[in-house]
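Colleague: Let me begin by handing over the structure; questions about it come next.
The values are calculated or read from the model by the stated rules, or taken from the named source; none is laboratory data. Note that this is a predicted model, so its numbers are computed, not measured. With ideal geometry, Cβ positions are generated from the backbone for all residues, glycine too; neighbour counts draw on all protein chains shown. Ligands, DNA and RNA are excluded from the accessible area calculation, which covers all protein heavy atoms including side chains. Shrake-Rupley method; radii C 1.70, N 1.55, O 1.52, S 1.80 Å.
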Amino acid sequence: MPDLSFEQMLEESLKTIHNGEVVEGTVIDVKEDEIILNIGYKADGIITRSEYTNEPNVDLRTLVQVNDKMEAKVLKVNDGDGQVLLTYKRLAAEKGNKRLEEAFNTQEVLKAPVVQVLSGGLSVVVDEARVFIPASLVSDTYEKNLEKYAGQEIEFVITEFNPRRRRIIGDRKQLLVAKKAEMQKALFERIAVGDVVEGVVKNVTDFGAFIDLGGADGLLHISEMSWGHVENPKKVFKVGDKLEVLIKDINGDKIALSLKFEDQNPWLTASEKYAVGNVVEGKVARMTDFGAFVELEPGVDALLHVSQISHDHVDKPADILSVGQVISAKVVDFNGEDKKISLSMKALEAAPVQEAPVYDEEEAPVEE
């Protein structure tokens, strides 16, 4: 056997590599746009920025340090300059695909950051492998603007795995639906009619407000918002308001709510405050041809009949009064059972003096 030179002996002591092989190396130098690895081969391995990350302008010196251990995949044994071209990104993606395949088979719940908001959905990355979540599977409600998810970590499951066709689909919606069903069940197990619970205003309409009770929504109808009259719910509530509400009724999965707490019912003390003979002050709330309804306090209205407005003849209340006007009147009738109160303004006025008739001498009555 011929003697080998030192260079030949060194070369034979070094391993051989081939394209596609996974190698492990130690970082011996890091530049802004490339990493140099000692992979135990006669030539060093090079990982360019584009083969390390998808970030286009990142400085690799902020991500990798000298003496770091790394695994990479061989792209070319000789890149033309005598160096080995490696990829870290593609190897990580392959490992990520295996991770996603396992999650697909077991329906494991994954958590990953949203790296891109697309017109049709969200793109998330799991171990350098991309997953697409269509807009229809992002939430259990319609999402007009997906931008709020940018950079967020979200949970999802893999519902389709086909890396050859580059179709790896995630679903967040089913997790939200399942969670809400669980919360709804727990909510209905703990609430009952008559309970006072806390909720958050979710939506306000012309006829009422929907309150999120943490598992299900309840309807606070406009007629249950106050003991008084509410003309426009949107002027009273806004989305996000926190409320303590009364469970008025539960019918299947429908919950009726109220803010009319019985201990705050103004009619509980009305018999004393509005006893017959009391002089009260109120605001004209609405008018009809036969009289005006006066709000004495929220939830307590009284009728001022047209005949009780003045000692003078009044054709219509609108000839004398206007909506919103504050008036003083005397209570002339109180019916607590039917919640009816009658007022009189003219009872506070002095009755007009009846003047004696004046006769001419010829017309004067003759005393017998």
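Colleague: In the range 52-89, what residues are farther than 18 Å from residue 27 by Cβ and either open to solvent by 80 Å² or more (accessible area, probe 1.4 Å) or in contact (Cβ under 8 Å) with a residue 60 or more places away in the chain (or both)?
Modeller: 54, 55, 56, 57, 76, 77, 78, 81
Colleague: If you don't mind, there's one more thing I want to ask. Examine the range 24-35 for a residue that is surrounded by fewer than 11 Cβ atoms within 10 Å (Cβ to Cβ), within 46 Å of the chain's Cα centre (by Cα), at pLDDT 90 or above and of a type outside the set (A, V, I, L, M), and state whether such a residue exists.
Modeller: Step one: of the range 24-35, the residues surrounded by fewer than 11 Cβ atoms within 10 Å (Cβ to Cβ) are none.
No, the conditions are met nowhere in the range 24-35.
Colleague: While we're on this one: For the structure I just gave you, tell me whether residue 114 is out of contact with any helix residue (DSSP H, G or I) (no Cβ under 8 Å at 6 or more places or on another chain) and among the hydrophobic types (A, V, I, L, M, F, W, C).
Modeller: Working: out of contact with any helix residue (DSSP H, G or I) (no Cβ under 8 Å at 6 or more places or on another chain): no; among the hydrophobic types (A, V, I, L, M, F, W, C): yes.
Answer is no for this residue.
Colleague: Still on this structure, I have one more. Output the qualifying pairs, or none if there are none: Cβ atoms under 8 angstrom, residues six or more apart or on different chains, first residue in the range 236-258 and under 13 Å from residue 214 (Cβ atoms), second residue among the polar types (S, T, N, Q) and surrounded by 12 or more Cβ atoms within 10 Å (Cβ to Cβ).
Modeller: Final answer for the pair search is 245/258.
Colleague: Among the residues of the range 265-281, is there at least one that is charged (D, E, K, R), part of a loop (DSSP other than H, G, I, E, B) and either open to solvent by less than 50 Å² (accessible area, probe 1.4 Å) or out of contact with any Pro (no Cβ under 8 Å at 6 or more places or on another chain) (or both)? Walk me through how you get there before you give the answer.
Modeller: As a first pass, look at the range 265-281 and keep what is charged (D, E, K, R): 272-273, 281.
This time we only want the ones that are part of a loop (DSSP other than H, G, I, E, B), so: none.
The answer is no; no qualifying residue exists.
Colleague: Please find, among 75, 37, 85, the residue that is more than 22 Å from residue 133 (Cβ to Cβ), in contact with a Gly (Cβ under 7 Å, 6 or more places away or on another chain), hydrophobic (A, V, I, L, M, F, W, C) and not in a loop (DSSP other than H, G, I, E, B). Can you show your working first?
Modeller: Values: 75 fails: in contact with a Gly (Cβ under 7 Å, 6 or more places away or on another chain); 85 fails: in contact with a Gly (Cβ under 7 Å, 6 or more places away or on another chain).
Only one candidate qualifies: 37.
Colleague: Of all residues in the range 195-226, which are of a type in the set (A, V, I, L, M, F, W, C) and over 11 Å from residue 255 (Cα atoms)?
Modeller: Of everything in the range 195-226, those that are of a type in the set (A, V, I, L, M, F, W, C) and over 11 Å from residue 255 (Cα atoms) turn out to be 196, 197, 200, 201, 204, 207, 209, 222, 225.
Colleague: Could you grab me the full set of residues in the range 164-194 that are in a helix (DSSP H, G or I), open to solvent by 50 Å² or more (accessible area, probe 1.4 Å), closer than 21 Å to residue 137 by Cβ and touching a strand residue (DSSP E or B) at 6+ places or on another chain (Cβ under 8 Å)?
Modeller: 174
Colleague: Among the residues of the range 147-159, are any open to solvent by less than 50 Å² (accessible area, probe 1.4 Å), closer than 26 Å to residue 55 by Cα, within 26 Å of the chain's Cα centre (by Cα) and touching a residue at least 60 places away in the same chain (Cβ under 8 Å)?
Modeller: No, because not a single residue in the range 147-159 is open to solvent by less than 50 Å² (accessible area, probe 1.4 Å), closer than 26 Å to residue 55 by Cα, within 26 Å of the chain's Cα centre (by Cα) and touching a residue at least 60 places away in the same chain (Cβ under 8 Å).
Colleague: Scanning for something surrounded by fewer than 19 Cβ atoms within 10 Å (Cβ to Cβ) and in contact with a Lys or Arg (Cβ under 7 Å, 6 or more places away or on another chain), does the range 90-101 turn up at least one residue?
Modeller: So far as the range 90-101 goes, yes, one or more of its residues are surrounded by fewer than 19 Cβ atoms within 10 Å (Cβ to Cβ) and in contact with a Lys or Arg (Cβ under 7 Å, 6 or more places away or on another chain).
Colleague: Please work out which one of (1) at pLDDT below 90; (2) more than 30 Å from residue 27 (Cβ to Cβ) is the condition residue 128 fails and give its number.
Modeller: For residue 128, the exception is condition (2).
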